Amino acid sequence: MPNRDETQRFTALSVRLTGFDEVALEATELTEVYRSVAAEQLGAQRYERLLRELRNPDEALDHELQEAARAVTYLWYTGSWPGTPPIVVSPRAQAEGLVWKAADLYAPATEPFGYGSWADAGDAVKGSVR
């Protein structure tokens with residue numbers, strides 16, 4: 001189990017990478033899951049370097065860390081780790097993807113509209129009036 005400081009560092013990194021605040025990221029209830037996936041997929045050394053070097057906003061990242069940062073961002077926005085094929089974390093992760101929040105939409109086949117919600121564009125938009 002990671003310590004609280006490590007989770008806070010990952011959350012701070014994620015805020016910088018995604019443009020969403022800590023409250024929005026924590027509302028997904030996936031912070032610890034994503035921290036674990038990122039640490040495993042990046043490996044201990046690269047993961048620690050990313051956490052350390054992204055604390056300084058003026059720091060230029062090398063290609064390896066740029067790719068690591070993109071992968072963590074991709075994880076938050078899509079709920080999967082990039083690759084061929086991508087590693088899908090869970091159906092919940094896909095539904096909580098930041099891509100839907102950024103577009104102010106619900107993920108297809110998720111509440112409140114359920115299966116087939118993508119067929120009617122008006123239903124897919126949050127707050128749409130019928």
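Within segment 47-56, the set of residues being of a type outside the set (A, V, I, L, M) and surrounded by 17 or more Cβ atoms within 10 Å (Cβ to Cβ) comprises Y47, R49. Within segment 3-10, is even one residue in contact (Cβ under 8 Å) with a residue 24 or more places away in the chain, of a type in the set (K, R) and surrounded by fewer than 17 Cβ atoms within 10 Å (Cβ to Cβ)? For segment 3-10, residues in contact (Cβ under 8 Å) with a residue 24 or more places away in the chain, of a type in the set (K, R) and surrounded by fewer than 17 Cβ atoms within 10 Å (Cβ to Cβ): absent. Exactly one residue among V33, V23 is surrounded by fewer than 13 Cβ atoms within 10 Å (Cβ to Cβ) and either at pLDDT 95 or above or among the hydroxyl-bearing types (S, T, Y) (or both), and that residue is V23.
Checking every residue in segment 43-58 against the condition of being free of Cβ contacts under 8 Å to residues at least 24 places away in the same chain and more than 19 Å from R9 (Cβ to Cβ) gives zero matches.
The values are calculated or read from the model by the stated rules, or taken from the named source; none is laboratory data. This one's a predicted model, so the numbers in the text were calculated from it and none came from an experiment. FYI the Cβ positions are ideal-geometry reconstructions off the backbone, even for glycines, and counts take in every protein chain you see.
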